[in-house]
Amino acid sequence: MIAAQGGDPDAELPRARHSEVVTAAQTGWLRGLDARAVGVAAWRLGAGRTRKEDPVSASAGVLCLAKPGERVEAGQPLLELRADDESRFARAREALASAVEIGPEPPAEAPLVIERVSG
C-alpha cells in the first residue's frame, strides 16, 4: 500500500525521544480499556491537534500491550506512552486515570454480530 502511493516501505519510521509505561494496578482480567480515553491520551502526547495550525508528532502515541479479555499480573505493562516532550506525560496519564478496568473474572464474550440490518 505504501509503495502504491509512491512511498518507501523500507523507510525508517520516526521514534519518540521519550516513553513511559502504564502498568496493571492489580492481578486479574483486563475487562475493559476505554478507547476514547486512550485517544485523548494520544492527542495529549502530540499525536493529534486541537487547531489546524497545531503541529502533529509522527512519533507520539500509545501502544496497547495487553488486550481486553487477557489475564494480567500486577505491575505488567499495559500501555506504552510515547512523546517527544516529557512534559506531555502527566496530562496523558490524567486521561487514562479511569480507562483501565481489571477484575477478578474475565469479561463476558461479546457476540461477533451485534445486529442484522435488513432493507
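The values are calculated or read from the model by the stated rules, or taken from the named source; none is laboratory data. All values reported here derive from a predicted model rather than from experimental measurement. Every residue, glycine among them, receives a Cβ derived from its backbone with ideal geometry; neighbour counts consider all protein chains shown. Keep in mind that these areas ignore ligands, DNA and RNA; they rest on the heavy atoms of the full protein, side chains included. Shrake-Rupley method; radii C 1.70, N 1.55, O 1.52, S 1.80 Å.
Annotations
- Against the conditions (1) surrounded by 11 or more Cβ atoms within 10 Å (Cβ to Cβ); (2) of a type in the set (S, T, N, Q); (3) within 15 Å of the chain's Cα centre (by Cα), Ser57 satisfies every one except (3).
- Search result, residues across region 7-41 that are of a type in the set (A, V, I, L, M), within 15 Å of Val62 (Cα to Cα) and surrounded by 12 or more Cβ atoms within 10 Å (Cβ to Cβ): Ala16, Val21, Val22, Leu33, Ala37, Val38, Val40, Ala41
- Qualifying residue in region 60-76 (condition: surrounded by fewer than 19 Cβ atoms within 10 Å (Cβ to Cβ) and of a type in the set (Val, Ile, Thr)): no
- Verdict on Glu101 being open to solvent by 90 Å² or more (accessible area, probe 1.4 Å), touching a Pro at 6+ places or on another chain (Cβ under 9 Å) and not aliphatic (A, V, I, L, M): yes
- Boolean, Glu109 is more than 13 Å from Gly28 (Cα to Cα), exposed (fewer than 13 other Cβ atoms within 10 Å of the Cβ) and modelled with pLDDT under 95: yes
- Yes/no for Arg82 being in a loop (DSSP other than H, G, I, E, B), more than 25 Å from Glu109 (Cα to Cα) and among the basic types (Lys, Arg): no
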